[in-house]
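Just below is one structure, and these are the notes that go with it.
The values are calculated or read from the model by the stated rules, or taken from the named source; none is laboratory data. Here the structure is a predicted model, which is why all the values come from computation and not from measurement. Note: ideal-geometry Cβ built from the backbone for every residue, glycine included; neighbour counts use all protein chains shown. These area figures cover heavy atoms from the full protein model, side chains too; ligands, DNA and RNA do not enter into them. Shrake-Rupley method; radii C 1.70, N 1.55, O 1.52, S 1.80 Å.
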Amino acid sequence: MTATTLLEQVTSAEGHKVHDPATGELIGHSPAASAADLDDAVARALRAQPSWAAAGHSRRQAALHAAADAIEAHAEELAQLLSREQGKPLNGPNARFEVGACVAWLRTAASIPVEPEVLLDDESGYAELHYRPLGVVGAIGPWNWPMMISIWQIAPSLRMGNTVVVKPSEYTPLSVLALVKVLNSTLPADVLIAVPGDGSLGKQLTEHGDIAKIMFTGSVTTGKAIIKTAADTMKRMTMELGGNDAGIVLEDADPQAIAEDLFWGAFINTGQTCAALKRLYVPDAIYDEVCQALTEVAAKMPMGIGLEEQNVLGPLQNAKQRDIVARLVDAARDSGARVLLGGDPDAGAPGFFYPTTLVADIDPQNPLVTEEQFGPALPIVRYSDLEQAIEWANGLEVGLGSSVWSSDPERATEVASRLQAGTTWINKHGAIDPRVPFGGAKQSGFGLEFGLQGLKEVAQPHVIQR
């Protein structure tokens, strides 16, 4: 099976046009599911769910490992399609990395033991906590990591005996359709069904009476709308919403030692990552050194068409996102902030490219700092008082990730404990692990993914007591 064959299998003669964000080339047409198609998909998944649940953990674990094997067998084809549709380069922490992450999350979800928990065992009685399937899970994915985040939703749901109906982003439907095609080459019929379409189809999924749980990754605004539409049917939810992650550098940090990790914390997937570093607070004592070290690293990172092997940064996935980044950078420059690198897109070039941009001497209340840019532009805020930096870091309504950078692990841990976020990393940023729970604080969402806790989130707790 080649990338072209996979593409042919998931495209239609007409439908939603999908273009390469780096070149503007038409990749193909995504089929558009109707309301009736979605109802049919949910009904099929509902019928398939009891036998999938009855298969038990061992058979479901084996099925997930077989699905991971199938992805590995088609890894390069999937990465090529992902690069063309999403825009991310093949190399670096990008397309090939994302496909590899799909394998890792599948295998981890398959490998974690889930046993009944003894809650009480004494003269007063005995109680056990079991975790049962919920039913059909509705999974709504984003366009930035379309394959990997779909697997974050699919793998634990299937492992715990649920069936899944996936609605991919209309920006990157072909990647997810191809992924589901590969997965379904090993899975039983109808335990996993993809229904491509626009936001109205997603709304229908969230309202559907036979969907037991919604898993959503995307913006805070869309997340709030989903919560409202799902309320009448009391659906369980896992919401991984937007972030505007803060990083605080302490005075004892070594600018040269941390510069490359700072760069990738901010610019992984060309900045299009919910838990990327999006605002950096640096003390006066080493401000200029950090700015210089970051600029030197950023200037060396090649940006271009994803299929060209030398590139590690690509375009924004869509024009709307490129325009958001451009607006925020222009406003920062107009306010008097200093652009260290970038900020000068080539208006005549094809594709949705925006250059790697570093902005220094920026007011902490500037929109580039307080709004999520979701692209290759990092504001670097100067501070003289650590207490003020912590207050700024905690001052927004979102709190997905954060980081502290220091040569003193104990001091860094103390500062980290004061940050309001689902995860705080020390001397790294965005380093997720399929064994370690991940979720947001404040308006960055609720519910945990990954690890044993993530498996429990897609199950119904059931206490048996005697």
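A few notes on this one:
- Listed pairs LYS17/LYS320; LYS17/LYS213; LYS203/LYS320; LYS278/LYS456; LYS181/LYS278; LYS167/LYS456 exceeding 25 Å between Cα atoms: LYS17/LYS213; LYS278/LYS456; LYS181/LYS278
- For the pair THR413 and ASP344, label points projected 7 Å from Cα toward Cβ lie 4.7 nm apart.
- Near SER111: Cβ cut-off under 13 Å, other residues only, Lys/Arg at +1 and Asp/Glu at -1. The net charge is +4.
- Judged by the ratio a/c of the largest to the smallest principal axis of the C-alpha gyration tensor, the stretch 244-286 counts as oblate, that ratio being 1.5 or greater while a/b is no larger than b/c.
- Remark: the stretch 223-312 is approximated by an ellipsoid whose semi-axes, taken from the C-alpha gyration tensor as √(5λ), come to 35, 21, 8 Å, largest first.
- Dipole magnitude for the stretch 320-425: about 260 debye, using +1 per Lys or Arg Cβ and -1 per Asp or Glu Cβ, origin at the Cα centre.
- Per-residue [θ]222 nm for the chain (sum of -39500 (n - 2.57) over DSSP H runs n ≥ 4, rounded to 500): -12500 deg cm²/dmol
- Convex hull projection area averaged over all views, the chain, Cα basis, nm²: 23.1
- The calculated FRET efficiency for the pair ASP330 and ASP284, based on their C-beta separation and a Förster distance of 25 Å, comes to about 0.40.
- Inter-label distance, ILE426 to GLU251: 2.0 nm, where each label sits 7 Å from its Cα along the C-beta direction.
- Bridge type composition, the stretch 246-402 - antiparallel percent by DSSP, nearest 5: 20
- Ordering of 147-156, 316-325 by burial proxy (mean other Cβ atoms within 10 Å per residue, highest first): 147-156, 316-325
- The listed residues TYR287, TYR126 rank as TYR126, TYR287 when sorted by accessible area, largest first, using a 1.4 Å probe.
- 18 Å cut-off, amide nitrogen to a point 7 angstrom out along LEU120 Cα→Cβ, residues in the stretch 431-463: 461-463
- Percent accessible area from carbon and sulfur atoms, the chain, protein chains only, probe 1.4 Å: 52
- Environment charge of LEU179, counting only residues whose C-beta is closer than 12 Å and scoring Lys/Arg +1, Asp/Glu -1: -2
- In this simple spin-label approximation, ALA55 and ALA189 carry label points 7 Å from Cα along the Cα→Cβ vector, and these lie 1.4 nm apart.
- Taking 0.36 nm per residue of separation and subtracting the Cα-Cα distance, full extension of the segment from ALA13 to SER111 would add 31.2 nm.
- Accessible surface, 1.4 Å probe, highest first, among residues SER157, SER34, SER200: SER200, SER34, SER157
- Compared with the alpha-carbon gap, the fully stretched path from GLN465 to LEU129 is longer by 120.1 nm at 0.36 nm per residue.
- Bridge orientation summary for the chain: considering DSSP beta bridges with both residues in this region, about 40 percent are antiparallel.
- Once the Cβ-Cβ distance of GLU260 and LEU452 is raised to the sixth power relative to R0 = 35 Å, the FRET efficiency obtained is 0.60.
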